[in-house]
Amino acid sequence: MIPYARRVITVCVLGAGLAACGTAEAPQGSRVVVPSTPTPSPSAPPTLAPGPAGLTPVFTNGPRANGKIVALTFDADMTADQGRRAAKGERFDNPQLIATLRALKVPATVFMTGRWAEEYPIQARSIGRDPLFEVANHSYSHYAFTGDCYGLPTIDEDRMRADVERAYTAFRRAGVPDVKPYFRFPGGCYDQRALRALSATGVTAVQWDVVGGDAFATDADAVARQVLEGVRPGSVVVLHCTRSAAPTTERAVRAIVPELRRQGYRFVKVSELIGAVASGGVS
(Lines give C-alpha, C1' and ligand atoms only; values in the text may rest on other atoms or scores of the structure.)
Protein backbone atom coordinates (compact mmCIF):
# COMPACT_ATOMS: atom_id res chain seq x y z
CA MET A 1 0.00 0.00 0.00
CA ILE A 2 0.99 3.59 -0.31
CA PRO A 3 0.42 6.72 1.74
CA TYR A 4 -2.72 8.77 1.11
CA ALA A 5 -1.01 12.04 1.78
CA ARG A 6 -2.04 13.77 -1.41
CA ARG A 7 -4.08 13.51 -4.59
CA VAL A 8 -2.83 13.24 -8.14
CA ILE A 9 -5.62 13.65 -10.67
CA THR A 10 -8.04 12.05 -8.28
CA VAL A 11 -7.17 10.37 -5.04
CA CYS A 12 -4.70 7.80 -3.83
CA VAL A 13 -4.66 4.71 -1.69
CA LEU A 14 -3.07 1.35 -1.41
CA GLY A 15 -4.51 -2.01 -1.35
CA ALA A 16 -4.35 -5.63 -0.78
CA GLY A 17 -5.85 -8.52 -2.69
CA LEU A 18 -6.10 -12.26 -2.95
CA ALA A 19 -6.58 -15.23 -5.34
CA ALA A 20 -5.06 -17.66 -7.81
CA CYS A 21 -3.98 -21.23 -8.06
CA GLY A 22 -3.92 -23.86 -10.79
CA THR A 23 -7.08 -25.16 -12.34
CA ALA A 24 -7.63 -28.81 -13.13
CA GLU A 25 -6.04 -29.91 -16.37
CA ALA A 26 -8.51 -30.41 -19.21
CA PRO A 27 -8.76 -33.72 -21.04
CA GLN A 28 -6.40 -34.03 -23.97
CA GLY A 29 -7.82 -32.54 -27.12
CA SER A 30 -10.36 -30.37 -25.31
CA ARG A 31 -10.21 -26.63 -25.45
CA VAL A 32 -10.68 -24.52 -22.34
CA VAL A 33 -11.98 -21.03 -22.96
CA VAL A 34 -11.26 -18.53 -20.21
CA PRO A 35 -13.38 -15.39 -20.58
CA SER A 36 -11.43 -12.14 -20.32
CA THR A 37 -14.00 -10.37 -18.19
CA PRO A 38 -16.14 -11.48 -15.23
CA THR A 39 -18.98 -13.82 -16.13
CA PRO A 40 -22.35 -12.35 -15.15
CA SER A 41 -24.17 -14.32 -12.48
CA PRO A 42 -27.91 -15.04 -12.77
CA SER A 43 -28.45 -12.01 -10.57
CA ALA A 44 -25.90 -9.58 -11.93
CA PRO A 45 -24.35 -7.25 -9.34
CA PRO A 46 -25.25 -3.59 -9.68
CA THR A 47 -22.96 -1.28 -11.62
CA LEU A 48 -23.10 2.37 -12.58
CA ALA A 49 -23.84 3.62 -16.07
CA PRO A 50 -20.81 4.70 -18.12
CA GLY A 51 -19.71 8.28 -17.72
CA PRO A 52 -19.47 10.94 -20.45
CA ALA A 53 -18.12 9.58 -23.76
CA GLY A 54 -18.50 6.06 -22.37
CA LEU A 55 -15.78 6.46 -19.75
CA THR A 56 -15.60 3.99 -16.85
CA PRO A 57 -17.92 5.24 -14.09
CA VAL A 58 -16.43 6.13 -10.70
CA PHE A 59 -18.16 5.43 -7.39
CA THR A 60 -17.06 7.16 -4.18
CA ASN A 61 -19.84 6.76 -1.62
CA GLY A 62 -23.42 5.65 -1.21
CA PRO A 63 -26.51 7.76 -0.57
CA ARG A 64 -26.30 9.94 2.52
CA ALA A 65 -30.05 9.77 3.15
CA ASN A 66 -30.54 5.99 3.17
CA GLY A 67 -29.80 5.48 6.84
CA LYS A 68 -26.63 4.71 8.76
CA ILE A 69 -24.88 2.21 6.51
CA VAL A 70 -21.14 1.99 5.88
CA ALA A 71 -18.91 -0.24 3.75
CA LEU A 72 -15.50 -1.38 4.99
CA THR A 73 -13.16 -2.21 2.11
CA PHE A 74 -9.77 -3.87 2.33
CA ASP A 75 -7.08 -3.73 -0.33
CA ALA A 76 -4.99 -6.87 -0.57
CA ASP A 77 -1.91 -5.50 -2.30
CA MET A 78 1.08 -7.19 -3.79
CA THR A 79 2.96 -5.82 -6.76
CA ALA A 80 4.14 -8.08 -9.55
CA ASP A 81 7.80 -7.73 -8.58
CA GLN A 82 7.51 -8.53 -4.85
CA GLY A 83 7.84 -12.29 -5.15
CA ARG A 84 11.39 -12.31 -3.81
CA ARG A 85 10.31 -10.42 -0.72
CA ALA A 86 7.53 -12.92 -0.13
CA ALA A 87 9.99 -15.79 -0.60
CA LYS A 88 12.15 -14.27 2.14
CA GLY A 89 9.25 -14.27 4.57
CA GLU A 90 7.54 -10.90 4.12
CA ARG A 91 3.80 -11.35 4.64
CA PHE A 92 1.43 -9.57 2.28
CA ASP A 93 -1.62 -11.34 3.72
CA ASN A 94 -3.46 -10.84 7.01
CA PRO A 95 -5.44 -13.95 8.01
CA GLN A 96 -6.04 -12.63 11.52
CA LEU A 97 -7.88 -9.63 10.08
CA ILE A 98 -10.16 -11.91 8.05
CA ALA A 99 -10.74 -14.06 11.13
CA THR A 100 -11.71 -10.98 13.14
CA LEU A 101 -14.17 -9.81 10.49
CA ARG A 102 -15.74 -13.27 10.57
CA ALA A 103 -15.89 -13.32 14.36
CA LEU A 104 -17.53 -9.89 14.41
CA LYS A 105 -19.82 -10.86 11.50
CA VAL A 106 -18.82 -7.82 9.46
CA PRO A 107 -19.58 -7.94 5.72
CA ALA A 108 -16.75 -6.43 3.69
CA THR A 109 -15.42 -5.98 0.16
CA VAL A 110 -11.87 -7.16 -0.52
CA PHE A 111 -10.06 -5.64 -3.48
CA MET A 112 -7.42 -8.18 -4.52
CA THR A 113 -4.51 -7.98 -6.88
CA GLY A 114 -4.00 -10.99 -9.11
CA ARG A 115 -0.41 -11.28 -7.93
CA TRP A 116 -1.61 -11.49 -4.33
CA ALA A 117 -4.01 -14.22 -5.39
CA GLU A 118 -1.20 -16.22 -6.91
CA GLU A 119 0.79 -15.93 -3.69
CA TYR A 120 -2.10 -16.85 -1.37
CA PRO A 121 -4.55 -18.95 -3.41
CA ILE A 122 -6.01 -20.84 -0.45
CA GLN A 123 -6.85 -17.61 1.37
CA ALA A 124 -8.20 -16.05 -1.82
CA ARG A 125 -10.49 -19.01 -2.37
CA SER A 126 -11.64 -19.02 1.25
CA ILE A 127 -12.54 -15.34 1.17
CA GLY A 128 -14.18 -15.60 -2.23
CA ARG A 129 -16.41 -18.48 -1.13
CA ASP A 130 -17.48 -16.88 2.14
CA PRO A 131 -20.87 -15.13 1.72
CA LEU A 132 -19.77 -12.59 4.31
CA PHE A 133 -17.36 -11.11 1.77
CA GLU A 134 -17.27 -10.04 -1.83
CA VAL A 135 -14.12 -9.94 -3.95
CA ALA A 136 -13.31 -7.20 -6.45
CA ASN A 137 -10.42 -6.40 -8.77
CA HIS A 138 -7.39 -4.33 -7.73
CA SER A 139 -5.38 -5.06 -10.92
CA TYR A 140 -2.95 -7.90 -11.47
CA SER A 141 0.35 -6.09 -11.00
CA HIS A 142 -0.54 -3.20 -8.65
CA TYR A 143 1.27 -0.88 -11.03
CA ALA A 144 -0.03 2.68 -11.26
CA PHE A 145 -2.44 3.70 -14.01
CA THR A 146 -1.07 7.25 -13.96
CA GLY A 147 2.38 8.75 -13.58
CA ASP A 148 3.60 10.09 -10.24
CA CYS A 149 1.47 7.78 -8.10
CA TYR A 150 3.29 7.46 -4.80
CA GLY A 151 6.32 5.73 -6.19
CA LEU A 152 4.48 2.82 -7.82
CA PRO A 153 5.79 1.51 -11.13
CA THR A 154 3.62 2.69 -14.02
CA ILE A 155 1.77 0.51 -16.50
CA ASP A 156 1.53 1.57 -20.13
CA GLU A 157 -1.87 2.62 -21.42
CA ASP A 158 -2.00 -0.19 -23.97
CA ARG A 159 -1.56 -2.77 -21.17
CA MET A 160 -4.12 -1.43 -18.69
CA ARG A 161 -7.09 -3.47 -19.86
CA ALA A 162 -4.99 -6.64 -20.14
CA ASP A 163 -3.72 -6.16 -16.59
CA VAL A 164 -7.26 -6.00 -15.23
CA GLU A 165 -8.34 -9.05 -17.24
CA ARG A 166 -5.26 -10.96 -16.10
CA ALA A 167 -6.36 -10.43 -12.51
CA TYR A 168 -9.78 -11.93 -13.26
CA THR A 169 -8.04 -14.93 -14.79
CA ALA A 170 -5.93 -15.33 -11.62
CA PHE A 171 -9.05 -15.24 -9.45
CA ARG A 172 -10.75 -17.92 -11.52
CA ARG A 173 -7.69 -20.15 -11.31
CA ALA A 174 -7.73 -19.77 -7.55
CA GLY A 175 -11.33 -20.93 -7.47
CA VAL A 176 -12.81 -17.56 -6.48
CA PRO A 177 -16.42 -17.52 -7.73
CA ASP A 178 -18.52 -14.51 -8.62
CA VAL A 179 -15.85 -11.79 -8.58
CA LYS A 180 -17.67 -8.48 -8.70
CA PRO A 181 -17.28 -6.11 -11.68
CA TYR A 182 -15.69 -3.47 -9.48
CA PHE A 183 -12.17 -2.13 -9.84
CA ARG A 184 -9.96 -0.10 -7.52
CA PHE A 185 -7.04 1.70 -9.12
CA PRO A 186 -3.66 0.96 -7.54
CA GLY A 187 -2.79 3.89 -5.34
CA GLY A 188 -6.28 5.19 -6.09
CA CYS A 189 -4.73 7.14 -8.98
CA TYR A 190 -6.58 7.53 -12.26
CA ASP A 191 -7.24 10.00 -15.05
CA GLN A 192 -9.44 10.13 -18.15
CA ARG A 193 -6.92 8.10 -20.11
CA ALA A 194 -7.18 5.26 -17.56
CA LEU A 195 -10.98 5.49 -17.45
CA ARG A 196 -11.09 5.27 -21.23
CA ALA A 197 -8.70 2.29 -21.31
CA LEU A 198 -10.95 0.27 -18.97
CA SER A 199 -14.31 1.22 -20.46
CA ALA A 200 -14.58 -2.02 -22.45
CA THR A 201 -14.23 -4.17 -19.31
CA GLY A 202 -17.58 -3.00 -17.96
CA VAL A 203 -16.25 -2.36 -14.45
CA THR A 204 -17.28 0.37 -12.07
CA ALA A 205 -14.24 2.05 -10.50
CA VAL A 206 -14.57 2.19 -6.71
CA GLN A 207 -12.85 4.88 -4.69
CA TRP A 208 -13.73 5.94 -1.12
CA ASP A 209 -14.62 8.94 1.03
CA VAL A 210 -12.89 7.81 4.26
CA VAL A 211 -9.15 7.12 4.33
CA GLY A 212 -8.32 4.63 7.06
CA GLY A 213 -4.73 5.80 7.35
CA ASP A 214 -3.52 2.31 8.23
CA ALA A 215 -0.78 2.17 5.60
CA PHE A 216 2.50 1.83 7.51
CA ALA A 217 0.76 3.02 10.67
CA THR A 218 2.00 1.85 14.06
CA ASP A 219 -0.81 3.26 16.24
CA ALA A 220 -4.05 1.29 15.94
CA ASP A 221 -5.93 3.79 18.09
CA ALA A 222 -5.00 6.63 15.73
CA VAL A 223 -6.27 4.61 12.77
CA ALA A 224 -9.55 3.89 14.56
CA ARG A 225 -10.00 7.57 15.47
CA GLN A 226 -9.41 8.67 11.88
CA VAL A 227 -12.04 6.25 10.59
CA LEU A 228 -14.59 7.08 13.28
CA GLU A 229 -14.18 10.81 12.72
CA GLY A 230 -14.64 10.45 8.97
CA VAL A 231 -17.58 8.06 8.64
CA ARG A 232 -20.92 9.42 7.46
CA PRO A 233 -24.02 7.54 6.23
CA GLY A 234 -23.11 5.83 2.96
CA SER A 235 -19.35 6.03 3.51
CA VAL A 236 -16.80 3.76 1.89
CA VAL A 237 -13.79 3.21 4.15
CA VAL A 238 -10.49 2.11 2.64
CA LEU A 239 -8.20 -0.06 4.76
CA HIS A 240 -5.68 -2.79 3.99
CA CYS A 241 -5.25 -6.52 4.28
CA THR A 242 -1.45 -6.64 4.20
CA ARG A 243 0.48 -7.43 7.36
CA SER A 244 3.82 -6.00 6.25
CA ALA A 245 2.38 -2.67 5.05
CA ALA A 246 -0.52 -2.27 7.48
CA PRO A 247 0.29 -4.15 10.71
CA THR A 248 -2.25 -2.35 12.93
CA THR A 249 -5.40 -2.84 10.83
CA GLU A 250 -6.81 -5.82 12.68
CA ARG A 251 -6.51 -4.09 16.07
CA ALA A 252 -8.08 -0.92 14.64
CA VAL A 253 -11.03 -2.91 13.26
CA ARG A 254 -11.69 -4.36 16.71
CA ALA A 255 -12.19 -0.79 17.94
CA ILE A 256 -14.00 0.60 14.87
CA VAL A 257 -16.71 -2.04 14.52
CA PRO A 258 -18.28 -1.96 18.00
CA GLU A 259 -18.19 1.83 18.15
CA LEU A 260 -19.92 2.28 14.79
CA ARG A 261 -22.52 -0.29 15.81
CA ARG A 262 -23.03 1.61 19.05
CA GLN A 263 -23.69 4.71 16.92
CA GLY A 264 -26.33 2.80 14.98
CA TYR A 265 -24.39 1.95 11.82
CA ARG A 266 -24.97 -1.20 9.81
CA PHE A 267 -22.11 -2.70 7.79
CA VAL A 268 -22.74 -3.55 4.13
CA LYS A 269 -20.74 -4.54 1.07
CA VAL A 270 -19.91 -2.06 -1.65
CA SER A 271 -22.42 -3.73 -3.97
CA GLU A 272 -25.29 -2.67 -1.69
CA LEU A 273 -24.19 0.97 -1.80
CA ILE A 274 -23.74 0.90 -5.57
CA GLY A 275 -27.15 -0.70 -5.91
CA ALA A 276 -28.70 2.13 -3.89
CA VAL A 277 -27.12 4.75 -6.17
CA ALA A 278 -27.98 2.84 -9.35
CA SER A 279 -31.61 2.61 -8.28
CA GLY A 280 -31.89 6.34 -7.81
CA GLY A 281 -30.57 6.95 -4.29
CA VAL A 282 -29.23 10.44 -3.65
CA SER A 283 -25.56 10.62 -2.74
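If you place +1 on the Cβ of every Lys and Arg, -1 on the Cβ of every Asp and Glu, and leave all else neutral, what size is the dipole of segment 192-283 about its Cα centre, to the nearest 20 Debye?
200
Can you give me the three principal axis dimensions of segment 176-283 from its C-alpha atoms, in Å, biggest first?
Principal-axis extents of segment 176-283 (Cα, largest first): 42, 33, 29 Å.
Counting residues in segment 94-189 as N, plug N into 2.2 N^0.38 Å and put the Cα Rg over that result.
On the way: Rg = 13.7 Å, N = 96, 2.2 N^0.38 = 12.5 Å.
Relative to the 2.2 N^0.38 Å estimate, segment 94-189 comes out at 1.10.
Please list 127-140, 51-64, 80-93 highest first by mean number of surrounding beta-carbon atoms within 10 Å per residue.
Packing proxy ranking, top to bottom: 127-140, 51-64, 80-93.
Between rounded, prolate and oblate, where does segment 38-154 land on the alpha carbon gyration tensor, with a ≥ b ≥ c its root eigenvalues, rounded for a/c under 1.5, else prolate if a/b exceeds b/c?
oblate
Considering only protein heavy atoms and a probe of 1.4 Å, how much of the accessible area of segment 59-113 is carbon and sulfur, as a whole percent?
With neighbouring chains kept in place, the figure for segment 59-113 is 51 percent.
For every other residue with a beta carbon closer than 15 angstrom to the beta carbon of ALA99, add +1 if it is Lys or Arg and -1 if Asp or Glu, then tell me the sum. Display every interim value, and only then the final one.
Values: positive: ARG91, ARG102, LYS105, ARG243, ARG251, ARG254; negative: ASP93, ASP130, GLU250.
Surrounding charge for ALA99 is +3.
What net charge do the residues around ILE155 carry, taking every other residue with its C-beta under 14 Å from that of ILE155, with Lys and Arg at +1 and Asp and Glu at -1? Can you show the working numbers first?
Values: positive: ARG115, ARG159, ARG161, ARG166, ARG193; negative: ASP81, ASP148, ASP156, GLU157, ASP158, ASP163, GLU165, ASP191.
Net charge around ILE155: -3.
For segment 140-250, what is the accessible area per residue in Å² when the probe is 1.4 Å?
On the way: 3800 Å² over 111 residues.
Here the residues of segment 140-250 average 34 Å² of exposed surface.
The values are calculated or read from the model by the stated rules, or taken from the named source; none is laboratory data. This one's a predicted model, so the numbers in the text were calculated from it and none came from an experiment. All Cβ positions, even for glycine, are placed from backbone atoms using ideal geometry, and neighbour counts span all protein chains on display. Side chains included, ligands, DNA and RNA excluded: accessible areas come from the protein's heavy atoms. Shrake-Rupley method; radii C 1.70, N 1.55, O 1.52, S 1.80 Å.
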